[in-house]
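One structure below.
Taken together, the values in this text are just the output of simple stated rules run on the coordinates, not laboratory data. Remember, predicted model here, so these are calculated numbers, not experimental data. Please note: Cβ atoms are built from the backbone with ideal geometry, for glycine as well, and neighbour counts cover all protein chains shown.
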DNA sequence: CACAAAATTAAACAAACGTTTGAATTAAAC
DNA sequence: GTTTAATTCAAACGTTTGTTTAATTTTGTG
């Protein structure tokens, strides 16, 4: 009973924080939308700040296991792994639009140094796994030398640029301004995947050395 | 006198909005840091919301002229234009870190539909100019077929991923956690430029057709 | 200097904020 | 069935919020 309600509050908070930001959401907003008494939020979480931390704790960090698994999988070629990587991140972000917004907008500003360090460490560990995947491709003479952390930024940044600037994204995708999550997701996901695979293939392929024919 | 003080308030507001968000900044914060009386903000701008709109009005939209100029320049090859594009955007964003944060975090949530539409239109017009540059390269058989809006997302998103997640960026760049703006900028700018030029060259080059040697 | 307009101020406003209280209700344990 | 603990509630707490007021000072003009 208690666990259900606790999680329900977190789900509602995720939606509101994602849409209106942490400072743009009041505890009363959350209580009303969740249909619980105002005092229950302090009762369960202690404070608004700790509610955010509980939310991050609940949602963050599950990607590491999957990346580690992908890294260790010896049945997949490095090229296959890059494709899987793209699919994994596009799906992950697009299926957690609100939470991703929170992480992107507020996580760095979270007052708790503990949470902030946790987020940085998660990102660094993910980067580590991806570094291994790419280095494996380089050792097998498939991938060329690239700036791996910047490439990781291109992967995540491309996705984020369309999840954060949604009204613009709707225009580009020829969707109505008020397209719902599902409509946006189903139009954006294949487009992002195709682009990112093409982009990373060209970027990584060892055949693509030397500068282009200057014309 | 009045114009000076008005602009000074806007500059201070930009800094605070950029660091703490719109909802995370009070008009009293702005007044205190700007050294002006609280009532002056209503006096000059009418409201906090209109102050944000005045800030966006002041800073946004100057990039269009530069892109148009770049587009029309016939002394530069399409490849040169791509390099210029990268340099332009990296410099522009890194020299306006706070304002870029505001645009990225809050602009889509601005209550004023007018401002929101203005921002979308600016982005669409910029996209139009860049589309022309790339199509020119395609007609000259230098560039291959790509998804231009998604590529634009990769360009802007890569930069944003390192301006928005700064503590993580400091780690990647081997900077202290508390690196100041200038230190961050001077380490990040050349790294971003080099990566994005390499990335876009590989992505655009017509020589890079076909899928990589699956291994 | 005199006068009107603009700029600045301290103080106050009502509303919204996060949080706490203490009593009332429900659930669990024996 | 009684007792104890966990949960829920309306109400209130003290701050902080954005904005306005009305008086005062400064500035520009004839």
- Message: If each label sits 7 angstrom from Cα along the C-beta direction, how far apart, in nm, is residue A:58 from its counterparts in the other copies?
- Response: 4.1
- Provide an ascending nm list, one decimal, of label-point separations from residue A:19 to the equivalent residue in each further copy; define each label point as 7 Å from Cα along Cα→Cβ. 3.2
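What does the C-alpha gyration tensor say about the overall shape of the stretch B:139-215? Classify as rounded when a/c is under 1.5, otherwise prolate if a/b is larger than b/c, or oblate.
prolate
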- What angle, in degrees between 0 and 90 and rounded to the nearest 10, separates the Cα long axis of helix A:148-164 from the longest principal axis of the Cα atoms of chain A? 50 degrees
- Message: Averaged across B:164-171, how many Cβ atoms of other chains sit within 10 Å of each residue's Cβ atom?
- Response: 6
- Per-selection metrics, the stretch A:61-204 (Cα): Rg and Dmax in Å: 16.0, 48
- Just check the stretch A:160-201 against the gyration tensor rule for me: Cα atoms, a ≥ b ≥ c as the square roots of the eigenvalues, rounded for a/c under 1.5, and otherwise prolate or oblate depending on whether a/b exceeds b/c. prolate
- Given 20 °C and 1.002 mPa s, how large is the Stokes-Einstein diffusion coefficient of the protein assembly as shown in µm²/s, with Rh as the Kirkwood radius over Cα pairs? 93 µm²/s
- Honestly the stretch B:2-58 on the Cα gyration tensor test (a ≥ b ≥ c root eigenvalues; a/c under 1.5 rounded, otherwise a/b vs b/c for prolate or oblate) is just rounded
- Message: If you wrap a convex hull around the alpha carbons of the stretch B:1-139, what volume per residue comes out, as a whole number of Å³?
- Response: 114 Å³
- Message: Using only DSSP helix segments of four residues or longer, with each worth -39500 (n - 2.57), what per-residue ellipticity at 222 nm results for the protein assembly as shown after dividing by its residue count and rounding to 500?
- Response: -23500 deg cm²/dmol
- Message: What does the copy distance list look like for residue B:114, label position 7 Å along Cα→Cβ, in nm and ordered from shortest?
- Response: 4.7
- Taking only C-alpha pairs under 8 Å that are 6+ residues apart, what is the relative contact order of the stretch A:16-93 in percent? 12 percent
- Message: Under a crude label model (7 Å from the Cα following the beta-carbon direction), how far is residue B:4 from residue A:57 in nanometres?
- Response: 5.3 nm
- Query: Mind checking which of B:42, B:160, B:101 has the largest fluctuation in a GNM of chain B, springs on alpha carbons under 10 Å?
  - Reply: B:42
- Message: Compute the helix-to-body angle for A:78-94: its Cα long axis versus the longest principal axis of chain A, expressed 0 to 90° and rounded to tens.
- Response: 20 degrees
- How well do other chains shield peptide B:20-32, expressed as the mean number of their Cβ atoms within 10 Å of each residue Cβ? 2
- Query: Using Cα pairs under 8 angstrom and six or more residues apart, how large is the relative contact order of chain A, in percent?
  - Reply: 22 percent
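Please compute the average number of Cβ atoms from other chains found within 10 Å of each residue's Cβ in peptide B:187-198.
That works out to 3 on average.
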